[in-house]
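Trainee: To start, I am sharing the structure in question, which I have written as structure tokens.
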């Protein structure tokens, strides 16, 4: 399905609209800049009046259980409430966003007027591994005053169009600022036309996705990357407690280790591989008890693939000193190196030794690829470890259960998105 001017179209009927897309956006750009307060009020009314039943059912069809669905809805209500959005605008763009500021710079005779304005038109290429991300990306573009073109990912389930239709119903004037197309990423001809209408392309995805669009985008169009990242847990001996380890297990269970912020594995503060084995024996029952209910939701294809990967890993232990600790619907693989890598996922992760003294040296090579660390340590260690981790390139440090939970105004991958979706225009007297 496609969404243009607040109406739903089948893909086959959109070619004429797409051919005229540049003229459409020029007509909108010629009008007054989209008022931020209009967007904020519309978002506030949308999340306030959201029908939970409809969206819980839609999410369940996508394999999202009710408890996680309710958590998503609660998070959306918080993030897009009027109070939190106004706080975010002030944090990211300053209290004078959209208002001209005139001043006389040092060593200049004449005054300069500066104003933060939208980039113009954003094309959002959303990834399919984060529920609700396509709509979230469009709402951010609207906050910054842009026209937004969304290419929805495959198997998105129609939630994005449903939410955006609700937003337009709340505030009809937003209809000309929202376009949704469901062309395949392999459809280079149609994707090229979407790119040509944009001032910037916002790409969410891994290295392959970003590289593919980088090759398609001409030099006069800005590329804004929200690339694939990797996250992990870091545990010290003083941080071992059932409470803290259960928090880490919750992230593993709830996300299936599919998100950039998901815990892929755990580094343990030791240089003794035997202590890694002892940690696995301690952590496995906690992981097992946390993940049991989530495992029931996995399809046979996922279970089969995971079982095969785990079996291959067990065969490979003949040639290395890895040891696999199997639990019900989960496993821990003790690995005697400090290489940061993805896991088998769905409750199967690695545990590796990494003493604090080697932390910076071992993790820094992955800079700009790092995101979140679920830190389990003693209170007296926290300041030092946070300092070390921030120097490696990590941009989010938190308790284990908050690894994949955000808060209003949080940066994306260490940057404020609204700043990237705007520009500063200066006019000299």
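Trainee: So if R0 is 56 Å, what FRET efficiency would residue 189 and residue 357 give, r being the distance between their Cβ atoms, rounded to the nearest 0.05?
Mentor: 0.55
Trainee: Obtain the nm distance between the two label points defined at residue 427 and residue 316 by a simple spin-label model: each point lies 7 Å from its Cα along the Cα-to-C-beta direction.
Mentor: Label-label distance for residue 427 and residue 316, simple model: 6.1 nm.
Trainee: I need 276, 424 ordered by Cβ neighbour count within 10 Å, fewest first.
Mentor: Least crowded to most crowded, the residues run 424, 276.
Trainee: Here are several values of P(r) over Cα pairs in 20 Å bins from 0, in percent: (1) 26, 55, 17, 2; (2) 23, 46, 28, 3; (3) 24, 51, 23, 2. Which one was derived from the coordinates shown?
Mentor: (3)
Trainee: Could you work out how far apart the two model spin labels at residue 91 and residue 114 are, taking each label as a point 7 Å from the Cα in the direction of the beta carbon, and quote it in nm?
Mentor: According to this spin-label approximation, the distance is 2.2 nm.
Trainee: Can you give the FRET efficiency to the nearest 0.05 for residue 384 and residue 218, using r as the Cβ-Cβ distance and R₀ = 60 Å?
Mentor: Numbers: r = 47 Å, r/R0 = 0.79.
Rounded to the nearest 0.05, the efficiency is 0.80.
Trainee: Let me ask another. Build a GNM of the chain with springs between Cα atoms under 10 Å: which of 199, 15, 32 gets the top mean-square fluctuation?
Mentor: 32
Trainee: May I ask you to compute the full-extension gain from residue 103 to residue 339, defined as 0.36 nm times their residue separation minus their alpha-carbon distance, rounded to one decimal in nm?
Mentor: Stretched out fully, the residue 103 to residue 339 stretch lengthens by 79.8 nm.
Trainee: Same structure again: In region 338-360, whose amide N lies under 14 Å from the spot 7 Å out along Cα-to-Cβ of residue 273? List them in ranges.
Mentor: 338-339, 351-354
Trainee: Pairs of alpha-carbon atoms within less than 8 angstrom and 6+ residues apart define the contacts here; what relative contact order does the chain have, in percent?
Mentor: About 19 percent, as a whole number.
Trainee: Kindly express, to the nearest 10 degrees and within the range 0 to 90, the angle between helix 52-61's C-alpha long axis and the longest C-alpha principal axis of the chain.
Mentor: 60 degrees
Trainee: For Cα pairs less than 8 Å apart in space and 6+ apart in sequence, what is the mean separation divided by the residue count of region 230-402, i.e. the relative contact order in percent?
Mentor: Relative contact order, region 230-402: 34 percent.
Trainee: In nanometres, what is the gap between the two model label sites at residue 27 and residue 173, each 7 Å from Cα along Cα-to-Cβ?
Mentor: 1.8 nm
Rule-based calculations on the coordinates, nothing more; no lab input. Everything quoted here is computed from the prediction, not taken from an experiment. Neighbour counts are summed over all protein chains in view; Cβ atoms, including those assigned to glycine, are modelled from backbone coordinates with ideal geometry.
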